[in-house]
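First comes the structure, then the notes that go with it.
The values are calculated or read from the model by the stated rules, or taken from the named source; none is laboratory data. This one's a predicted model, so the numbers in the text were calculated from it and none came from an experiment. Using ideal geometry, Cβ is built from the backbone for each residue, glycine included, and neighbour counts are taken over all protein chains shown.
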Amino acid sequence: MESNKFHTQAEADVETKTTFSPSFSLTASATFQLATVVAVLGVVFIYLKFFRRANIQAKDAPPFIPSQVPFLGSAIEFNKNPVDFLIRMKNQYGPVFTIEMAGKKFTYLMGNEASSLLFNSKNEDLNAEDVYAKLVTPVFGKGVAYDVPNDIFLEQKKMFKTGLNIARFKEYVPIIEQEVRDYLTRWGDKGEIDLFEAFSEMIVMTASHCLHGPEIRSILDERVAHLYYLLDQGFCPEAWLLPSWLHFLVPKLRRRDAAHVEMKKIFYAAIEKRRASGNKGEDMLQTLLDTPYKSGRYMTDDEIAGMLIGLLMAGQHTSSSTSSWLGVFLAHNTEIQRQCYEEQCQVRGTTFEPVDYDQLKSMRVLDNAFRETLRLRPPIHVIIRHSRKPLNVCGYTIPANHSVCVSPTANQRLTEIWGEECANFNPERFMENDGLTSTESKFCYVPFGAGRHRCIGESFAYLQNKTIWSVLLEQYQLSAIDEFPEPNYQNMIHTPSKSVVRYEKRK
Ligand code: HEM
């Protein structure tokens, strides 16, 4: 009953699109604070009483990094700058080590050999659902992604892949180009712009138009954008740290749940409209309607809606963060920006023909600039699995129940692989040997992951971001205002802490 009451309140929040009334907000936050204090004290007590003994390491366990801070362990130091911390620890303790944060054991695998364990292991041994389901299922919904056994999710990924084909891509380029041209009309001749905000707005429209189709794009107004925002707020540390049955205590998680219900209704209506029209679209909605599972069963409307939400959310922040970092790099490196512009003139001619798929393929300078951005600022900075049993790597045995992690950011910044100048933005490094100084390094460039959980959206992400940047470079020149920004390490995706740049229309 109690949870129903909260649910209704949260639904009302979505309807009115306002923040909570002060009285509700006060009661909820007081309840939450009290519950948090009680929960934290309880966890500390249990930790001190029962689990400290578990810190006594087995002989062949990975080195354990000590911390003087009880319970929180290395969390504070780690969060200041995770990448520097991990590289320092690797230099001191070797490629496999365990740190403790908030009572949990995290074993990091650094470099090629150690990382191969995470990417090559079976999902039953190093499991993804155990880590991600609690965070993702309330946003995407039941029956998809980490809510189903991995072999079913692999079938769902396969359906996505069939939908992301070259014939479709050729159709998508003009759609994206037009969306960006329309969007940029609001910029005027010159000004200052927050790149992360701008790319987030652009990409929700381009991705929705291409992947969801025209029906769903046509209803993407402020209200729907707000629903995406509320869903997105659900990807937060509280959702990960608190057990699911306590999520109702956190206002933004209640809003997430209500937004999920609203969003599903919107998708059900769009699915119904497509079916009733008898038209076949060139989009993912059509692929999901037309493709059966191996068993011959077709997806339910609920599964299709969940897949469509998932598809958009998987590509939204990852792409807007990458494009914002590229913008920041180009604003600070005007010579590389000039080379990208020159390339546009060469490939498209100085009258700037409409962008097409083949032109995008031949934009090598822009391509390398993206690859280098994804090396230095991969949006997913840590890939995590849960060890369901002890596992051997590099002479160590990782115990069961550890969170086993590979950090793309750290692996992509190792001097032995990327050279002494590895912290510099240098797209040209990808002209030779894929930028690598060692051939034993396939897991040291993993912005899209690897193995069975590898990203299926890489080609679409390149297509989308390169089309956006082709129009942007054609029309505007960017310059830096502030110092080069640090990543915002508090966010789950390391966006730029400040991404405001100056822009001016080209004459
Ligand atoms: C710059 C853009 C993107 C980056 C950097 C990126 C990165 C990643 C990474 C690192 C993973 C592996 C996660 C893991 O192993 O735990 C992944 C998986 C995935 N991505 Fe992306 N992604 C991007 C865009 C997209 C887009 C546009 C889509 C959809 C159209 C998408 C859909 C997926 C899916 C379905 C998975 C599979 C997850 C799994 O099997 O567990 N991604 N992505």
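See the values below:
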item	result
The one condition in (1) out of contact with any Ser or Thr (no Cβ under 6 Å at 6 or more places or on another chain); (2) within 16 Å of the ligand (Cβ to nearest atom); (3) of a type in the set (Asp, Glu) that GLU179 fails to fulfil	(1)
Hits in the range 277-320 - residues which are assigned to a helix (DSSP H, G or I), of a type outside the set (Gly, Ala, Ser) and farther than 27 Å from LEU135 by Cα	GLN286, ASP290
Subset of the range 156-168 [more than 11 Å from the ligand (Cβ to nearest atom) and in contact with a Ser or Thr (Cβ under 7 Å, 6 or more places away or on another chain)]	THR162
Helices (runs of 4 or more DSSP H) enclosed by the range 395-483 - at least 1 residues per element that are in contact with a strand residue (DSSP E or B) (Cβ under 9 Å, 6 or more places away or on another chain) and at pLDDT 95 or above	408-411, 458-475
Top-ranked residue in the range 101-136 [being among the aliphatic types (A, V, I, L, M) and within 15 Å of ARG388 (Cβ to Cβ); ranked as surrounded by the fewest Cβ atoms within 10 Å (Cβ to Cβ)]	ALA133
Restricting the range 399-418 to residues that are touching a helix residue (DSSP H, G or I) at 6+ places or on another chain (Cβ under 8 Å) and closer than 24 Å to LYS134 by Cβ, the residue that is nearest to the ligand (Cβ to nearest atom)	VAL406
Unique match (being among the small types (Gly, Ala, Ser) and buried (at least 16 other Cβ atoms within 10 Å of the Cβ)) among ALA269, ALA167, ALA225, ALA258	ALA258
Those residues of the range 300-338 which are in contact (Cβ under 8 Å) with a residue 60 or more places away in the chain, within 15 Å of the ligand (Cβ to nearest atom) and either in contact with a His (Cβ under 6 Å, 6 or more places away or on another chain) or of a type in the set (A, V, I, L, M, F, W, C) (or both), in sequence order	MET307, LEU308, ILE309, LEU311, LEU312, MET313, ALA314, TRP325, LEU326, PHE329
Residue count, the range 121-178 (criterion: assigned to a helix (DSSP H, G or I), within 30 Å of ARG255 (Cβ to Cβ), in contact (Cβ under 8 Å) with a residue 24 or more places away in the chain and small (Gly, Ala, Ser))	1
Filtered residue count, the range 367-392, keeping only those that are farther than 16 Å from CYS405 by Cβ and basic (Lys, Arg)	4
Index of the failed condition, ILE383 passing every other in (1) at pLDDT below 95; (2) in contact with a Cys (Cβ under 9 Å, 6 or more places away or on another chain); (3) not basic (Lys, Arg)	(1)
Candidate set: the range 272-294, residues that are of a type in the set (S, T, N, Q) and touching a residue at least 40 places away in the same chain (Cβ under 8 Å); chosen: the one surrounded by the most Cβ atoms within 10 Å (Cβ to Cβ)	THR287
All positions within the range 55-110 that are of a type in the set (A, V, I, L, M, F, W, C) and assigned to a helix (DSSP H, G or I)	ALA75, ILE76, PHE78, VAL83, PHE85, LEU86, ILE87, MET89
Residue that is farthest from the ligand (Cβ to nearest atom), among those in the range 347-368 that are in a loop (DSSP other than H, G, I, E, B) and more than 24 Å from ASN333 (Cα to Cα)	THR351
Only listed residue being in contact (Cβ under 8 Å) with a residue 12 or more places away in the chain, within 14 Å of LEU312 (Cβ to Cβ) and out of contact with any Lys or Arg (no Cβ under 8 Å at 6 or more places or on another chain), chosen from ASP232, ASP194	ASP232
The one condition in (1) within 16 Å of the ligand (Cβ to nearest atom); (2) out of contact with any helix residue (DSSP H, G or I) (no Cβ under 7 Å at 6 or more places or on another chain); (3) closer than 30 Å to ASP84 by Cβ that GLU113 fails to fulfil	(1)
Verdict on LEU374 being at pLDDT 95 or above, within 23 Å of PHE160 (Cα to Cα) and out of contact with any His (no Cβ under 8 Å at 6 or more places or on another chain)	yes
Every residue from the range 369-394 that is outside any loop (DSSP other than H, G, I, E, B) and more than 16 Å from the ligand (Cβ to nearest atom)	LEU391, ASN392, VAL393
Qualifying residue in the range 445-465 (condition: within 9 Å of the ligand (Cβ to nearest atom), acidic (Asp, Glu) and surrounded by fewer than 21 Cβ atoms within 10 Å (Cβ to Cβ))	yes
